[in-house]
Amino acid sequence: MKILNPQNNSSVNESRLKLRKFKLMLCGFFLFSAFLTIGYRTISLSISTKDNSEVISFKKNNIYKSKNILRGNIYDRNKILLATTITTSSLNMNPQEILDINQTISKLKTIFPNLNEESLFKKLNSNKKHINILREISPIEHISLLKLGIEGMKIEKSNKRIYPNNSLASHVIGSTNIDGIGIAGIEKYFDRELNNGESIFLSIHAGIQHITKKLLHEQIKKFQAPGGAAIVMDAKKGEIYALASLPDYNANNYKKVLNQKLFNRATKGIYELGSTLKLITAAVAFDSKLIKENEVFDVSTPLKISSKTINDFHPLNYALNIPEVIVHSSNIGSAKIAEKFGSSAQLEYLKSLGLMDKLSLELPELGRPQVRTDKKLLTTMTISYGHGIAITPSHLAALTATIVNNGIKINPTLIIQHQLTKKERVFSKETSKKMRSIMRLVVSDKNGTAKKADAAGYIVGGKTGTAEKVNKFGKYLKNENIVALTAAFPMDDPKFIITIMIDNPKGQKSSSYYRTAGWVVAPVVKKIVTRIAPILGIKPRNEKNSTFTKELLKYKIRGKEQGANL
């Protein structure tokens, strides 16, 4: 039998207690660590979840906002509102919730007496759960409906595009469809920007647009013409202040408008604009240096080329210099000038002027010029006076600006330009200076074809054009004309271009039954100049004292009676 030593036993127990305490402490440490880790992870996940939910919430809110951003507004250059979006209420019904159809119809008729009962009955008798009764109701009608307590009724909010000025600049502004998507004009061209809530500021001047349209309309009506177009444009920047195409339409009723009214004659329609293109012929003659300035061209007899005979409207029996060819608007003289510089030079300048391509204008409705490029002598000659080349009135405005603006190419725009980013020279400064003098003589000289465009003190210059219309088969119509005039003012330092085209005017007693550009279009230019010049800050001045007027004296324009004595 083994006897234990009490002292040793006490020592063993103490060691066991220490070991037990150590184990408990170790377990406690691990448990604490575990709880700490779990707690940290829980808090971390909580924070992470909160952050993610905020991100998701932010994204959802952004998506929500983007879906409910109102379409951007369209303004003119003076911040006058041309197009905006408003919120409207529509009346819809759920036929499945209607207890008495006849009673419901009776209630609706008390507020909307023009509703068709038969049509309404068919709608309310439908198996559908959602039908539209009226796309737009007023706030007062909304309140009246609520008072009646009609079952199955649903008032829903929607956005509507409106045009406060109705038909003003309608061909420029365009329109949207029922879903708010641009389908024409600026609305279509800048659809993405407008749908993102961005507003567009146009170069259009609402006041000048109204004046231009009104005066054009009066002349179209007076001469019983089916339509026309007019453009007022900054001669140095190409900013369009007014662009009218008639007939036009109320942009608020776009879907009810006939296609012929939707057609933009100013930018989409291509026409043979006749003698207005003689400006190019004269400018090329000067600029190419292939023709001497004092060279003359015999126009006393008709010019026969192949099977065609080229005649003048007012025949002259002597040789004309270049300024006289333009002032008298001689087809024979223009043809002989073109023969001298040739088809290659002609086509090169036409291309440089942008007359082979669509304009880079901010509209989807753009016409592409049609130009004969076979380089035949007859083609070269007829193009010289505007036959065999069809362009838009906007192209004519652009080439006129290029000619008078020291030969720097001008590209029309509907957006305000702070400065010209690119300067492309087409003609020399000297050529431009000569052309400005000749254009002034077309208006100021007693033999000029645009005398009725002369507005005292504003030094207007320009060129008329009267051409036979061409049908869809390419046949010229002897009894139908396109008449046009492209002008600039003041000619000593051109600020603005005015280009007008009227389609097939009828001779009137007041015009001695003439229906040429000089009688039909020139008076409109004069009226527009005198009306818009004060708005634009252009003051009239005594022309006789200007250096420019004195320079005109170097070109002596002879009349028919003078030529007879030669």
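The values are calculated or read from the model by the stated rules, or taken from the named source; none is laboratory data. What you are looking at is a predicted structure, and each value in this text was computed from that prediction instead of being measured. When we count neighbours, we look across all protein chains shown, and the Cβ atoms used for this are built from the backbone with ideal geometry, even at glycine. In case anyone asks, the SASA skips ligands and DNA or RNA and just uses the protein heavy atoms, side chains included. Shrake-Rupley method; radii C 1.70, N 1.55, O 1.52, S 1.80 Å.
Observations, loosely collected:
- Of 236/506; 376/560; 409/472; 304/469, pairs whose Cα-Cα distance is over 25 Å: 236/506; 376/560; 409/472
- Cα-based radius of gyration for the chain, normalised by 2.2 N^0.38 Å, reads 1.57.
- For the stretch 456-516: rounded, prolate or oblate by the Cα gyration tensor [a/c cutoff 1.5]: oblate
- Calculated [222 nm] ellipticity per residue, helices only, for the chain: -13000 deg cm²/dmol; basis is -39500 (n - 2.57) per DSSP H run with n ≥ 4, divided by all residues, nearest 500.
- 5 angstrom amide H check on residue 480, placed H, neighbours 5+ away: 469
- Listed by chain and number, the aspartates and glutamates whose C-alpha is less than 15 Å from the C-alpha of residue 292, apart from same-chain residues fewer than 8 away, are 324, 339, 430.
- Neighbours of residue 468, meaning other residues whose beta-carbon lies under 11 angstrom from its beta-carbon, give a summed charge of +1 when Lys and Arg score +1 and Asp and Glu score -1.
- For the residues 414, 262, a 1.4 Å probe over the protein chains yields an accessible-area ranking, largest first, of 262, 414.
- Per-residue SASA entry for residue 210, accessible area with 1.4 Å probe, Å² rounded to 10: 100 Å²
- Whole-Hz couplings from phi, Karplus 6.51/-1.76/1.60, listed for the stretch 81-88; x for Gly and Pro: 5, 10, 8, 8, 10, 10, 9, 10
- Whichever aspartates and glutamates have a C-alpha closer than 12 Å to that of residue 221, once near sequence neighbours (fewer than 8 apart) are set aside: 503
- Checking every one of the trypsin sites (Lys or Arg not before Pro) in the stretch 463-566 against DSSP loop status and a limit of 12 other Cβ atoms within 10 Å picks out 472, 475, 554, 556.
- Amide H contacts under 5 Å for residue 496, placed H, 5+ residues apart: 235, 489
- Under-5 Å amide H pairs with residue 73, H placed in peptide plane, nonlocal only: 199, 200
- Residue ranking by accessible heavy-atom surface, 1.4 Å probe, largest first, among 387, 314 comes out as 314, 387.
- Shape call, the stretch 119-174: gyration tensor on alpha carbons, a/c limit 1.5: prolate
- Around residue 457: net Lys/Arg minus Asp/Glu count, Cβ-Cβ under 11 Å: +1
- For the stretch 161-174, putting each phi into the Karplus relation 6.51 cos²θ - 1.76 cosθ + 1.60 with θ = phi - 60° gives couplings of 8, 10, 10, x, 9, 6, 8, 4, 6, 4, 5, 7, 5, x Hz, in residue order, rounded to whole numbers and with x for Gly and Pro.
- Of 188/268; 278/526; 213/526, pairs whose Cα-Cα distance is over 18 Å: 278/526
- Whole-Hz ³J(HN,Hα) from phi, Karplus 6.51 cos²θ - 1.76 cosθ + 1.60, for the stretch 466-472, glycine and proline x: 10, 9, 5, 5, 10, 7, 5
- By the rule of a C-alpha distance below 14 Å, with chain neighbours fewer than 8 residues away ignored, the aspartates and glutamates paired with residue 122 are 100.
- Gyration tensor verdict on the stretch 324-442 (Cα atoms; rounded if a/c is under 1.5, prolate if a/b is larger than b/c, oblate otherwise): oblate
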